[in-house]
Amino acid sequence: MDAVMLVGGQGTRLRPLTMSAPKPMLPVAGVPVTAHMLARARDAGIDRVVLATSYRAEVFEQYFGDGSAHGLRLEYVTETEPMGTGGAIRNVAERLRGDPDEPVVIFNGDILSGLDITALVSRHTETDAAVTLHLTKVVDPRAFGVVPTDDAGRVIAFLEKTPDPPTNLINAGCYVFRRSVIDAIPVGRPVSVERETFPGLLAAGTPVFGYPDSTYWLDLGTPAAFVQGSRDLVTGRMVSSALPGPIGDCLVLEGAVVAPDAKISGGATVGAGARVGAGAAVDGAVLFDGAVIEAGASVRDSVIGRAAVVGAGVVLDGVVVGDGAVVEAGNELRAGARVFPGARLAAGAVRFSSDRT
């Protein structure tokens, strides 16, 4: 069975991390989130995935190659102009092998999900649906597209980001399409499946079904969610066969050096070649490859980019530090601060508390 993974987004909410890599290629628990979702596809019996790329398209093929090292056959199709979700799906149609009635699984590549893909496909074939959507419940659905269904599970409407949603079931970003539906998407212009394709199918009376599912689901679109997703993978709350180490309280990758009295906890990841100095504490944070945490620093729920340096005694809580940035000794950054790649904060330049006790 074929699958399509949509990995063309720029990930603007995760800047400055996405200034050097697209969101689906940022390392979550040691490997790109795309690797985790490709592993789930492989484990579900999918043997071939077409990656629909756009922003920084070259990095996907550089990392994954032909897919053989990951137990898959991978192909790549790049859109030169943004075409929306529907346009990106239509853009790969010529690479799909199936007959018009055969199912094609579509993934959003920046979602971390424990969905049972096999069960989703079974639901699709049992109902003879044109499209089946993975649906998940959220506490506050106002920021998402909600999908009300009837008692049989048939979708009755698509409501994008409405202030008074009639349900807390949202579109979770994974679908099964009948191949003929993909071929019917207009060519050569932007198309949104949420605003055009799916409502058009409903208006025509075409069967579209939902598959509600209560397993793990997380949109990695914000720094806080990114940290949470990595932590959940490391601690085993979200299971992935792509995790490059055993589950536990932390994940320390090959070549990393951690001082004997440093404390790594809370599902933190220490990237390959990273260094954590004496007395430092890294709690629930994500350190990219080559990052340096100097003696006595405290890094909590933060993301530290490749080869970035966090100086002695620095306190970071809920912070993003871009690739190659340097936060010199004595700084204290909290509450969503973002240090851009290559920047240097002089010693003691920013604090959220007094520099004297």
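Quick look at the numbers
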item: Hey, ARG13 touching a Gly at 6+ places or on another chain (Cβ under 6 Å) and open to solvent by 10 Å² or more (accessible area, probe 1.4 Å) or not; result: yes
item: Test result for GLU160, farther than 20 Å from ASP99 by Cβ, within 22 Å of the chain's Cα centre (by Cα), of a type outside the set (Gly, Ala, Ser) and open to solvent by 30 Å² or more (accessible area, probe 1.4 Å); result: yes
item: Some residue of the range 300-313 being of a type in the set (Asp, Glu), on the phi < 0 side of the Ramachandran plot and in a loop (DSSP other than H, G, I, E, B); result: no
item: The range 49-59, subset within 16 Å of the chain's Cα centre (by Cα) and surrounded by 24 or more Cβ atoms within 10 Å (Cβ to Cβ), residue farthest from THR12 (Cα to Cα); result: LEU51
item: Failed criterion for ALA346 (all others in (1) open to solvent by less than 30 Å² (accessible area, probe 1.4 Å); (2) free of Cβ contacts under 8 Å to residues at least 24 places away in the same chain hold); result: (1)
item: Any hit, the range 145-161, residues being in contact with an Asp or Glu (Cβ under 9 Å, 6 or more places away or on another chain), under 24 Å from ASP116 (Cβ atoms) and outside any loop (DSSP other than H, G, I, E, B); result: yes
item: Verdict on PRO246 being modelled with pLDDT of 90 or more, in contact with a helix residue (DSSP H, G or I) (Cβ under 7 Å, 6 or more places away or on another chain), of a type outside the set (Val, Ile, Thr) and within 30 Å of ALA272 (Cα to Cα); result: no
item: Members of the range 314-331 that are open to solvent by less than 10 Å² (accessible area, probe 1.4 Å) and either without any contact (Cβ under 8 Å) to a residue 40 or more places away in the chain or in a loop (DSSP other than H, G, I, E, B) (or both); result: VAL314, LEU316, VAL319, VAL321, GLY322, ALA325, VAL327, ASN331
item: Number of positions in the range 99-133 that are under 21 Å from PHE226 (Cα atoms), out of contact with any His (no Cβ under 7 Å at 6 or more places or on another chain) and open to solvent by less than 20 Å² (accessible area, probe 1.4 Å); result: 5
item: Qualifying residue in the range 283-303 (condition: open to solvent by less than 10 Å² (accessible area, probe 1.4 Å), of a type outside the set (A, V, I, L, M, F, W, C), in contact with a Ser or Thr (Cβ under 9 Å, 6 or more places away or on another chain) and touching a residue at least 60 places away in the same chain (Cβ under 8 Å)); result: no
item: Selection count where residues are farther than 16 Å from ALA268 by Cα, outside any loop (DSSP other than H, G, I, E, B) and not hydroxyl-bearing (Ser, Thr, Tyr), scope the range 11-32; result: 7
item: Any hit, the range 138-153, residues being in contact (Cβ under 8 Å) with a residue 60 or more places away in the chain, aliphatic (A, V, I, L, M) and buried (at least 23 other Cβ atoms within 10 Å of the Cβ); result: yes
item: Scope the range 184-198; condition of a type outside the set (S, T, N, Q) and touching a residue at least 40 places away in the same chain (Cβ under 8 Å); matching residues; result: ILE185, PRO186, VAL187, ARG189, PRO190, VAL191, VAL193, GLU194, GLU196, PHE198
item: Residues of the range 60-91 satisfying the condition of being more than 26 Å from VAL193 (Cα to Cα), open to solvent by less than 80 Å² (accessible area, probe 1.4 Å) and in contact with a strand residue (DSSP E or B) (Cβ under 7 Å, 6 or more places away or on another chain); result: PHE64, GLY67, LEU72
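The values are calculated or read from the model by the stated rules, or taken from the named source; none is laboratory data. Model, not experiment: these values are computed from the prediction. Here Cβ is always computed from backbone atoms with ideal geometry, including for glycine, and neighbour counts include all displayed protein chains. Just the protein is used for accessible areas: all its heavy atoms, side chains included, with ligands, DNA and RNA removed. Shrake-Rupley method; radii C 1.70, N 1.55, O 1.52, S 1.80 Å.
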